[in-house]
2 protein chains.
Amino acid sequence: MSGEQERLARVTLSHATEPGDDKVCDSVTTVGAARTVEEVLADDARPELAARVKAVDVDRVLSIADRQGVRFVTPEDGEWPSQLDDLAHGARVQGLGGVPVGLWVKGPMRLTELRDSVAIVGSRSATSYGFDIATDVAAAVARSGAAVVSGAAYGIDQAGHRGALAAGGATVAVLACGADRVYPAAHRELIDHIARHFALVSEAPIGSAPTKVRFLSRNRLIAALSRGTVLVEAALRSGALNTANWADQLSRVLMGVPGPVTSVTSQGVHERIRSGAATLVTGGLDVLELVGASGEQLTIVPRGPERAHDDFSLREVRVLDAVPVARGASTESISSIAGVGVQEADRVLVALGEAGLVHLGVDGWRLVARAGRR
Amino acid sequence: MSGEQERLARVTLSHATEPGDDKVCDSVTTVGAARTVEEVLADDARPELAARVKAVDVDRVLSIADRQGVRFVTPEDGEWPSQLDDLAHGARVQGLGGVPVGLWVKGPMRLTELRDSVAIVGSRSATSYGFDIATDVAAAVARSGAAVVSGAAYGIDQAGHRGALAAGGATVAVLACGADRVYPAAHRELIDHIARHFALVSEAPIGSAPTKVRFLSRNRLIAALSRGTVLVEAALRSGALNTANWADQLSRVLMGVPGPVTSVTSQGVHERIRSGAATLVTGGLDVLELVGASGEQLTIVPRGPERAHDDFSLREVRVLDAVPVARGASTESISSIAGVGVQEADRVLVALGEAGLVHLGVDGWRLVARAGRR
């Protein structure tokens, strides 16, 4: 079996079957595409599929794709994003799953550049909060040099792409329709821009309309292509949760951005964090730490402003608490209130004085007034 | 050693030492209060402590407390909340820890009623979002029959108490000052109400002012008294995180309510959820499930509105997707678009028709218009 024969058989199967059909994908992975085509043609139980396979005019299909600037990328190509091979061992959900037969790609970016990519997905009806956060996270990912993967939909998807572009970074849209088509139509400018400078990717052949099945198949590719998926706003039945499930199931890093518990569009995210499927992230730094190779990216654990009390011993805190603000107090009085010995109180008071926290005046020790002290 | 002698020694130590002093608490737990007093009096290295112990006039102290309606509760009393005994094996933090020498209690509620209680703590400078959520969670806890424990502070504490009261439930305030004092002064009405109908609890004796050390000691009691602690808004250095640490360390259930990642007052909560110390909760039901005895409370996993697609096989979804809206289509046409056999398509279409999703008219099958369908 020549490589070219295999390739043409993959084109045939891509056209004759639905994206992500697990039986087809698994057969191609196991016995190869040409052998799969042979078996389909010999299977009397599926005459319609055999008819569709026979009807594919591979030369014409490839020539049309070529004219549209769309190339067909298979696991045999150097450009193949090998992380998709994880799908061979991933779940089969409602008849969907497995390694794609091939990808239809439009745009100059090579898919191997998606190795460190991060997917940003979420509600189509995002709030301005979600939109802003998705934009910020995408920008942080892009600035780190990684590409942002999403699905070009309204809401969070759009914010993900735009955030990456605004930061001067790379972004790839994985579509449920053919790579030659624009869906949703309102995103023509965005989708055209991605096609011109980066890449549109689809498992569905040229001319395919987006259907529910194709959206579901597409979601597994978004999850599988990227190191991690960030879920930014998703209602309880959001399609983005399907992508999240794929990410979780494929042992990708699944991350969720929380929001107000009163927001319907955060309910799905909260559910995933609560169940432990997703890790809570609050921004780009968290995301980069979680998807980064160990030690490559380190989130600085956020700390509030340093407060003078923090490094003190209990004894010192007691003494400090016993020093009045309004008028001075004697060392003896302070030692009694603080419950420490006079000598100890004296030693601590001198140290606190050196730290600028207390002052010894004519009427005794008093606190030094400081902005922001309790 | 009589029980009465032990009791009076505990009163003495409560007055002569700071709340939560780990050496004192541990000594009392190990050798008893009377023996601890003896050892203190014999210890030449701590003359100030010995002097303070000698200076306590136990009869007078108890008589003043009695006049204020404040009782002293020790581990030997039937009213003792035995969950506090977990502190014997809990952490020692900056010299604080251990089982309290005793509790000063004001109010008619018996502390044994706190067995199933839930603590609600958080930022003093809560947002209206946090205040509302804390109120709602407290009301849900109260309606379940459990008491709400908090610290009577501004913000989330106050919302916790008020939410429980508004729901007709019980609430207890654990104070850093003496149970006879009101802190903060602006909460006099609330604190008086709790004292009249429920209970104020303090490890610090009558007349004690609230100090930093006493707040820290108090926090461990809030955590130890309750089955779980709900953190509702806490900035990165919020004192509520100290309570959260105690809850976590004592193997109580630690829960956090998320908020917008842009909100400073949610940062501390998000950090605890992200680190895995706290479990994300979105409301009272989540809280009751997590603190409830297994099987007693069950959260209904939230689901979006049922959609007709959900129970369908892939094949059925494909057929449904292939049925046009605008005009009718033949079974053959639909089978071809859906990629299933004609007989199979016919079988599925009939079933979809019975489900009211498609309709067979004179021009063929078409989708039945439904509000909210994609």
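Being under 30 Å from residue B:10 (Cα atoms), crowded, with 24+ Cβ neighbours inside 10 Å, in the same structural domain as residue B:188 (by TED's automatic domain parsing) and not β-branched (Val, Ile, Thr) narrows it down to one of B:119, B:138, so name that one. Working first, answer last.
Details: B:138 fails: under 30 Å from residue B:10 (Cα atoms).
The match here is B:119.
Within region B:223-278, can you find the residues that are within 19 Å of residue B:201 (Cβ to Cβ) and part of a loop (DSSP other than H, G, I, E, B)? Once the filter is applied, which keeps residues that are within 19 Å of residue B:201 (Cβ to Cβ) and part of a loop (DSSP other than H, G, I, E, B), region B:223-278 yields B:226, B:227, B:239, B:250, B:252. Remark: pairs (first residue in region A:242-271, at the interface with another protein chain (Cβ under 9 Å from one of its Cβ atoms) and within 23 Å of residue A:213 (Cβ to Cβ); second residue part of a helix (DSSP H, G or I) and at pLDDT 95 or above; Cβ separation under 9 Å; 6+ apart in sequence or on different chains) = A:268/A:240; A:268/A:241; A:268/A:244. Residue check: residue A:215 meets all listed conditions (1) within 13 Å of chain B (Cβ to nearest Cβ); (2) in contact with a strand residue (DSSP E or B) (Cβ under 7 Å, 6 or more places away or on another chain); (3) not aliphatic (A, V, I, L, M) but one, namely (2).
Being buried (at least 24 other Cβ atoms within 10 Å of the Cβ), in a strand (DSSP E or B) and within 14 Å of chain B (Cβ to nearest Cβ) is the requirement here; does residue A:200 meet it? Criteria not met by residue A:200.
Selection of region B:275-292 for residues being within 16 Å of residue A:260 (Cα to Cα) and facing another protein chain (nearest Cβ under 10 Å) yields B:279, B:280, B:281, B:282, B:283, B:286.
Looking across A:63, A:14, one residue alone is polar (S, T, N, Q) and touching a strand residue (DSSP E or B) at 6+ places or on another chain (Cβ under 9 Å). It is A:14. For region A:1-46, the candidate set comprises residues that are touching a helix residue (DSSP H, G or I) at 6+ places or on another chain (Cβ under 8 Å) and among the polar types (S, T, N, Q); within that set, the residue that is nearest to residue B:335 (Cα to Cα) is A:17.
The values are calculated or read from the model by the stated rules, or taken from the named source; none is laboratory data. The structure presented is a predicted model; accordingly, all values stated were derived computationally and were not measured. For neighbour counting, all protein chains shown are included, and Cβ atoms are generated from backbone atoms with ideal geometry for every residue, glycine included.
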